[in-house]
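Read the structure below first, then the notes.
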Amino acid sequence: MAASKASLVIVCLGIFAVMALSNAIVPVLPAFAGQSAWQGAIYAAYFFGASVSTLPGGMLADRHGTAPVIRAGLLITVATGVLLFFATSPVVVIVLRGCEGIGAGLFVAAALSYINSRSDHTRMSGYYMAMLNLGLVLGLIVAGWFAVRFAEPVLGIGIFTLFALVAFAGSAVTGNSLVSTVRMRDTAIVSAFVRDNLWLWYSAVVLVGITGVVSSLYPKFSGEAPDTLGLWIAGMSIATIVAVLVVSRIPLHPVPIIRWSAIFMAGGVLLAYVSPLGFIVLGALAGVVMIAQMVFLAGVPDHQGLLMGLFSTASYLGMAILPFVAGVIADMGGFLAAFVVTAILGGTVVVTTGWCGRQPPHPAE
């Protein structure tokens with residue numbers, strides 16, 4: 001019992017540090033690159049790295065246990081944090097951000113596998129998602145405050161690298177949480193889960209990606225100062241924290257919850273066009289959606305690493321692809337077109353989620 005609690009603490013501290021470090025560079029991007037294109041590349045490199053590593057990370061967690069993969073993810077996070085603290089070239093920063101994303105992907109896939117394999121996975125997923133979003137919030141706020149207060153843009157990166165170092169040191173007590181040995185070829189398992197849960201992955205791409213769309217469009221769309229924008233974006237994560245803590249304590253039926261959330265998220269996108277209150281609505285609904293998706297995927301304990309790897313990959317792909325597409329639409333047809341198309345895309349999930357089964361079918365072995 002004590003080991004289980006220690007493992008949970010390490011996982012929650014780790015996700016806090018990983019997410020905080022990922023966001024610590026956002027308020028100080030101009031210090032690393034002067035041009036918007038370079039800044040965008042630095043921001044996107046992280047999500048590309050994470051999308052590449054989450055599926056392999058989940059598969060490794062199934063084969064070798066979650067602890068080694070968690071440690072590897074934290075070690076990469078610490079190493080890239082240290083190097084980012086001293087980096088000056090935009091090209092080097094882009095490469096390091098990609099490596100940081102790889103570490104995050106490994107950690108997230110293994111940590112989610114650990115959480116979703118527990119008997120109390122619904123409640124624990126609430127704590128996990130709360131710490132994830134708390135990291136995102138404090139990464140923005142703390143890094144921005146230190147950059148202004150001490151005129152040193154990398155202090156936030158240094159602080160959260162230390163948090164990641166503490167989590168890595170504590171990961172020595174994390175139990176392996178080994179699951180049954182995979183008896184099918186990995187490619188066969190991946191194909192089965194991708195095919196049979198296609199519309200669940202689609203909901204993750206779209207509904208998680210929507211939050212990235214609004215966050216990426218708002219700086220130019222609103223014309224507000226960076227500190228104000230930071231507070232609005234932080235408000236989205238705070239709303240997510242509240243939502244996941246509440247929803248994770250309530251018995252729920254995942255498919256209807258995802259469908260209703262998609263309806264309200266489409267409305268939240270349109271609300272965001274006229275008011276920053278849309279951030280609060282979208283943040284809360286995103287929290288509800290992620291808990292429902294994890295509950296849906298909890299039905300196959302023997303392959304939680306793989307399932308969480310696919311889930312994380314879909315989420316990161318949404319954050320990488322949808323903001324880019326929305327930005328192209330905004331440049332070509334204006335911001336209203338970008339918001340409307342995004343809302344319509346969210347509405348498609350209402351239909352497609354109805355094609356999901358009651359739970360992921362277990363591949364024949």
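Say the dipole of the chain comes from +1 at the beta carbon of Lys and Arg and -1 at that of Asp and Glu; which of Ser215, Val274, Phe296 then lies farthest toward its positive end?
Selected residue: Phe296.
Give the order of Ile10, Ile329, Ile250 when sorted by the count of other beta carbons within 10 angstrom, beginning with the fewest.
Numbers: Ile10 26, Ile329 20, Ile250 12.
Fewest to most other Cβ atoms nearby, the residues stand as Ile250, Ile329, Ile10.
Going 7 Å from the Cα of Thr348 along its beta-carbon direction, which residues of segment 194-209 have the amide nitrogen within less than 12 Å of the resulting point?
It comes to 202-203, 205-207, nothing else.
What does the C-alpha gyration tensor say about the overall shape of segment 187-287? Classify as rounded when a/c is under 1.5, otherwise prolate if a/b is larger than b/c, or oblate.
Working: a/c = 2.33, a/b = 1.70, b/c = 1.37.
Judged from the Cα gyration tensor, segment 187-287 comes out prolate (a/c at least 1.5, a/b above b/c).
Which residues in segment 135-157 place their backbone N less than 15 Å from a point set 7 Å from the Cα of Thr88 along the Cα-to-Cβ direction?
Counting only backbone N, you get 153-154.
As an exercise, use a Förster radius of 30 Å and the Cβ-Cβ distance of Val194 and Val246 to find the FRET efficiency, rounded to the nearest 0.05.
In this case the efficiency is close to 0.45.
How long are the three semi-axes of the equivalent ellipsoid of segment 15-114, in whole Å, if each is the root of 5 times an eigenvalue of the C-alpha gyration tensor, listed from largest down? Before the final figure, lay out the partial values.
Values: eigenvalues 136, 28, 20 Å².
So the equivalent ellipsoid measures 26, 12, 10 Å along its semi-axes.
In the Gaussian network model of the chain, springs joining C-alpha atoms below 10 Å, which of Leu96, Leu271, Leu132 carries the largest mean-square fluctuation?
Between Leu96, Leu271, Leu132, it is Leu271 that shows the largest mean-square fluctuation.
Go ahead and set up a Gaussian network model of the chain, Cα springs under 10 Å, then flag whichever of Val255, Val148, Val281 fluctuates most.
Val148
Please build a GNM for the chain, connecting alpha carbons under 10 Å apart, and tell me which residue among His253, His303, His64 fluctuates the most.
Per the Cα network of the chain with a 10 Å cutoff, His253 tops the list.
Is the shape of the chain best called rounded, prolate or oblate, per the rule: a/c under 1.5 gives rounded, else a/b larger than b/c gives prolate, else oblate, with a ≥ b ≥ c the square roots of the Cα gyration tensor eigenvalues?
oblate
Bin all alpha-carbon pair distances of segment 71-157 at 10 Å intervals from 0 and give each bin's fraction as a whole percent.
With a bin width of 10 Å, the distribution comes to 16, 37, 32, 13, 2.
Every number here is computed from the coordinates shown, using simple stated rules; none is lab data. Just so it is clear, the structure is predicted and the values come from calculations on it, not from any experiment. Cβ: placed from backbone, ideal geometry, glycine included. Neighbour counts: every protein chain shown.
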